[in-house]
1. Need the per-residue list for the range B:14-43: every residue with at least 50 Å² less accessible surface in the complex of protein chains than in the chain by itself, probe 1.4 Å, sorted by number.
2. Quick one: 3J(HN,Hα) in Hz for the range B:232-246, Karplus 6.51/-1.76/1.60 with θ = phi - 60°, rounded, Gly and Pro as x.
3. Along the charge dipole of the protein assembly as shown, Cβ charges K/R +1 and D/E -1, which of B:I275, B:G136, A:G31 sits furthest on the positive end?
4. Can you give the average number of partner chain beta-carbon atoms within 10 Å of each beta-carbon in peptide A:287-296, as a whole number?
5. May I ask for the equivalent-ellipsoid semi-axes of chain A, computed as the square root of five times each C-alpha gyration tensor eigenvalue and listed largest first in whole Å?
6. Sorting check: for B:191-204, B:247-260, which peptide has the highest mean count of neighbouring beta carbons within 10 Å, and how do the rest follow?
7. Apply the Kirkwood formula to the range A:118-233: the hydrodynamic radius equals the inverse of the mean of 1/r over all pairs of different alpha-carbon atoms; give it in Å with one decimal.
8. Tell me, what HN-Hα J-couplings in whole Hz come from the Karplus equation 6.51 cos²θ - 1.76 cosθ + 1.60 at θ = phi - 60° for each residue of the range A:288-304, using x for Gly and Pro?
Amino acid sequence: MDKNKQVILALVGVVVLYIILKALIMTGVLGPYWQIILNYALIYVIGGLGLSIIYGFTGQFSLGHAAFVGIGAYSAGLFAITFSHYGAWGSLGSLVVGIVCAGVVGYLIGVPILRLKSDYLGIATLGFNFIVYDGLQNSDKLFPAMGGAQGMTGVPQFQTFEWYFVAAVLVVILARNFVFSTHGRACTAIRENETAANVVGVSPARTKIMAFTIGCALAGLAGALYCHNYPYLNPDSFSFLESINYLIVVVLGGLGSLAGTVITAVGWAFLLELLRLVLGPFYAFRGVIYALILIVVIIVRSQGIFGGMEAPFLVPQIGRRKPRAIVGS
Amino acid sequence: MAIFIQQIVNGLQLGLVYALIALGYTMVYGIIKLINFAHGDVFMVGAFVGFFGYTVTKLPWPVALVIAMVTCAAIGVLNERLVYRPLRYAAKISALISAIGASFFLEYFCSLNFIFGPNYISVTLPLKVITWIIDGVRITNVQVIILVTVVVFLTLLQLLIFRTKLGAAMRTVSFDHDAARLMGVDVDKTISFTFAVGSGLAGIGGVLFGFAYPEIWTFLGVMTGLKAFIAAVLGGIGLIPGAVLGALIMGQVEIMTAAYVSSQARDAVAFAILIIVLLIRPSGILGRNEPEKI
């Protein structure tokens, strides 16, 4: 019965959260500007969970996550522009296109480079980020609609935040189910000790490629949603610095904590905007304060803010071993 | 043919500047296995301090070079003391994040109006540029100065590492912290010293960069630093000859791509080569691939 109770509680929680957010939007507390930030935060949640699966749960260091977000954003944007006359179906299709493109590229690039380990893997993915960035800068030579360095415009925009909310909730459920599945356990085993995992029959290559592909596909979804949130797409939004942002979200949230990633992603997206609001005339200090917050937080809690913690409803009841009397329930 | 040789000379100039930065990355990585993301920004500070030294305070440029070197060494040591040391025995990724934080801090702090300002500054060279033309290949005195400075400091570095007690300490610590401590080496002091040397070299690199490419700004260190780091990895990170070799290759690749392929693709080609080299030799060109012990 425990399990059903958990599902019901989680569902109630999601609905309550939705009602609160919707009420804030309806009453105008969250204006159009903050709504875009909220959408952005939810996009961060999705992309962050992708990196969390790659790095937090499988231990594969990726410094190029924004490249996959960019691939998702541009492919989805191109699709949405081409099929804009189909309305919402075109947009929905563009999300699928974003996921598939980023996932396929992730798979193709993952097969060779996942042989590398730790820092070297990070550097290779970082290099891939630069290659994609240069590619996007020159994308107008292949697809004029992509605009290259001038940026891409004309992607139909989502006016409602439901798209983002539903996508984020679905991704959280997906990530949770994946992490606690057989495959997710295999990923954690790889992270803890590759050799030991191999000895007990987990194929490191297959598991790593699977986790990487899923993480990249989620990044693609984040990108696809991103291109519907901002009327102007620029390769600079998918540079190496953006990859660093995703890494910060996952590490500050605590490696191997889904709830940590979600909360930190939302917090990080809002922090940057709050600083803009609070500092006002001292806006130039934004970067300095942001850097200091980053340094202080990581020194005070080196395992991440929510390291080693998990929201109760994200842990399946079966996995928990509470000592209790065996009584028919 | 003359054009080709000219490109080699240009590539050499870029490669030598990269080498000075790459050395700092490789030394720090060798000793504490940390990608010191803030190193590129220390290099940027060097470029600015040197520039203000020989323009605002009108010092002769070699003096400005030394001042830049000392300033950078001080920043490197402070950085290590305040930001990295508290995390030395935490997970590696935590130290990496704090390094990224330090990097952002230096960039944005230096961009403030009362520090260096956020704009591009064109460097007025402190010396008259003399150009020699040999068989159609142009060589400037700036290039000669860069070559001589790099060779001198590389020799000094080799002497420091292989002929002095401090150098022996550095090599010991990079091998094993605990064993070094048992042998009576002051690990903390040695690491600080490594940061000082690496950052000092980056400071020189910054000043020379200002000579060679006379336009500087506070985010200069991001791309230049990354490429120098990539060069260190290409050669085999942790190895000093590897850093120099990687930097020279990187310089040539970038200039040759810009000259013969497309100047927009220079980063992409450089990184593609890096990925290919890493796939063939996972520890870099000179690095030894040690089998994993169980």
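1. Buried-area filter returns no residues.
2. 4, 5, 4, x, x, 6, x, 10, 5, x, x, 4, 5, 4, x
3. B:I275
4. Averaged over the peptide's residues, the number is 6.
5. Result for chain A: semi-axes of 31, 25, 21 Å.
6. Descending packing order for the listed peptides: B:191-204, B:247-260.
7. With all distinct Cα pairs of the range A:118-233 included, I get 17.0 Å.
8. 5, 5, 4, 5, 5, 4, 4, 5, 5, 4, 6, 6, 6, 10, 6, 8, x
The values are calculated or read from the model by the stated rules, or taken from the named source; none is laboratory data. Being a predicted model, the structure only gives us computed values, none of them experimental. Because the Cβ atoms are built from the backbone with ideal geometry, glycine has one as well, and the counts that use them run over all protein chains shown. For accessibility, only protein heavy atoms count, side chains too; no ligands or nucleic acids. Shrake-Rupley method; radii C 1.70, N 1.55, O 1.52, S 1.80 Å.
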